[in-house]
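Q: Let me begin by handing over the structure; questions about it come next.
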Amino acid sequence: MRSNIYLILIFTCTVSFSQSKYKAILKSIDDSQKTYAEIAQQIWSYAEMGYQEAQSSALLQKTLNDQGFKIEAGVAEIPTAFVASFGSGSPVIAILGEFDALPGLSQQAVPYKASNNGKAGHACGHHLFGTASAAAAIAIKEYMEKEGKSGTIRFYGCPAEEGGSGKVYMTREGLFDDVDIALHWHADNNNSASVRPALANKSAKFRFYGVSAHAAAAPEKGRSSLDAVEAMNNMVNMMREHVTESTRIHYVITRGGEAPNVVPNFAEVYYYARHKTRDEVTRVFDRIVNAAKGAALGTGTTMEYEMIGGTHELLFNDILQPMVHKNLQTIGGYSYTEEERAFAEKISESLGQTLDTTYVEGVMPYSENAKSGGSTDVGDVSFAVPTAGLRAATWVPGTPAHSWQAVAAGGTSIGEKGMIVAAKTIALTGMQLIDSPKVIKAAQENFIQKRGADFKYTPMLGDRKPALNYRN
């Protein structure tokens, strides 16, 4: 078995490219920054939630189609999912793009909390994610044309990352089966391409059905579905003492009745279970299901549940990840203008901290020991094809994802500048991969070594059809 050190030596020896032949292509991204910023801000203004991203998806499809990409829309039985392709033959380089917003986070592009009079907001920066990835795909296509390179560049339009598991359905459909390498990025509060684990995740909506009755005049005739939800939640909360330390369980009651004087005949609670391994997630989730069954039995109600999402943990590639880090260092960060700094200082003040732009202007040191954070359906892609990514500083340092501060910065030039850093890093990596079959081969060997030669992919959400209505 090859050691990581040996694999990195292969990478170092093979990828000793002069950057000069890539400079003109990277400059084309800079020259088009205004255009890409307009696209990103249009998607920011749409703020469409998972599987509802009709306008956002259409805009990205048009952008790529206008640049000569062939569009296959509605893939994997998802109306807003698509694949845009250019070229033919090997290597096949996939670039992932997202574009869904989060519910309840409408926010203006100002450094104080102010609703934008909408239902959702781009609190995870997916408007920037999809746009930068499209920009990178277009740049690689231009490089292939200019240099006469063979191969295929694909942009994957991936909806509903936020709990909808869009990429899981796309992976299950086999859309990545012929891909050699997949690249992605994400919005963040600093520039980094370290190994950053993601937690495996299973989610479901638990629905309880009871019997309505007058809560004062005939309570004995009622069977409360809300009682069942509360009983389930109490049992799961007690269970927290008896799960592994890195387990995460979250829930929100989505329906709890209509009026206090009516015994609720329907209630619903939406659960997530997470852990750093998918096997432990499955065990925890099964215990949550048993708690729901017990709650129904104890309250005289009936219960059913619908799987909403399920994602694998991330499988990191020891060849590709250092390569992306090196390229992010080459591209470097950016500086705030006076106006941007004033905005950032106000955001920092709202977070109770002092502004530090060290890793906006530069790149965080490479590390393989980062703490597990959230979950992503990129995890499933990473078990189908060698995958690597980065994070770019599109938010003010210290900003947490899924916050109004993230939405606000994503609607400004701060978000746009970080987006361009990501686009150029992905483009540079893609061009280098097209030029180096040996690196692709080494990455694939490392992928098989880490995944296991006998690995068989099993989606955690089973064989259910895409949960197109999960945001309704």
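The values are calculated or read from the model by the stated rules, or taken from the named source; none is laboratory data. All values derive from a computational prediction rather than experimental measurement. As a convention, Cβ positions derive from the backbone with ideal geometry for all residues, glycine included, and neighbour counts pool all protein chains shown.
Q: Could you grab the pairs with beta carbons closer than 7 Å, sequence gap of 6+ or different chains, first residue in region 234-259 and surrounded by 14 or more Cβ atoms within 10 Å (Cβ to Cβ), second one aliphatic (A, V, I, L, M) and assigned to a strand (DSSP E or B)?
A: Pairs found: V236/I249; I249/A273; Y251/V269; I253/V269; R255/A267; G256/A267; G257/A267.
Q: Oh, and also: If I ask for residues that are within 23 Å of N189 (Cβ to Cβ) and in a loop (DSSP other than H, G, I, E, B), which ones from region 314-333 would you list?
A: Taking region 314-333 first, the residues within 23 Å of N189 (Cβ to Cβ) are 314, 316, 321-322, 324-333.
The answer is L314, F316, G332, G333.
Q: Then there is this: Go through region 47-78 and count every residue that is surrounded by 19 or more Cβ atoms within 10 Å (Cβ to Cβ) and either outside the structural domain of R172 (by TED's automatic domain parsing) or over 26 Å from E142 (Cβ atoms) (or both).
A: Matching residues across region 47-78 total 9.
Q: Could you count how many residues in region 142-153 are touching a strand residue (DSSP E or B) at 6+ places or on another chain (Cβ under 6 Å) and either on the phi > 0 side of the Ramachandran plot or surrounded by 24 or more Cβ atoms within 10 Å (Cβ to Cβ) (or both)?
A: 2
Q: In addition: Right, G418: at positive phi and either in the same structural domain as P103 (by TED's automatic domain parsing) or without any contact (Cβ under 8 Å) to a residue 40 or more places away in the chain (or both) or not?
A: For G418, the condition - at positive phi and either in the same structural domain as P103 (by TED's automatic domain parsing) or without any contact (Cβ under 8 Å) to a residue 40 or more places away in the chain (or both) - is not met.
Q: Look through A193, A267, A160, A213 and report the one residue that is assigned by TED's automatic domain parsing to the domain that holds W395, in contact with a Gly (Cβ under 6 Å, 6 or more places away or on another chain) and hydrophobic (A, V, I, L, M, F, W, C).
A: One residue alone meets the criteria, A160.
Q: In the set G68, G118, which member is part of a loop (DSSP other than H, G, I, E, B) and either within 16 Å of the chain's Cα centre (by Cα) or on the phi > 0 side of the Ramachandran plot (or both)?
A: Criteria check complete, one pass: G68.
Q: Given the condition in the same structural domain as V324 (by TED's automatic domain parsing), buried (at least 24 other Cβ atoms within 10 Å of the Cβ), modelled with pLDDT of 95 or more and assigned to a helix (DSSP H, G or I), answer yes or no: does some residue in region 357-376 qualify?
A: Within region 357-376, one or more residues are in the same structural domain as V324 (by TED's automatic domain parsing), buried (at least 24 other Cβ atoms within 10 Å of the Cβ), modelled with pLDDT of 95 or more and assigned to a helix (DSSP H, G or I).
Q: Same structure, new question: I'm trying to understand the selection: among the residues of region 4-46, which are hydrophobic (A, V, I, L, M, F, W, C), at pLDDT 90 or above, within 17 Å of G430 (Cβ to Cβ) and surrounded by 14 or more Cβ atoms within 10 Å (Cβ to Cβ)? Talk me through it step by step, then tell me what you get.
A: Initially, region 4-46 is screened for residues hydrophobic (A, V, I, L, M, F, W, C), giving 5, 7-11, 13, 15, 17, 24-26, 29, 37, 39-40, 43-44.
The next check asks that each one be at pLDDT 90 or above; those that pass are 24-26, 29, 37, 39-40, 43-44.
Retained after the next criterion (residues that are within 17 Å of G430 (Cβ to Cβ)): 24-26, 29.
Residues satisfying the conditions are I25, L26, I29.
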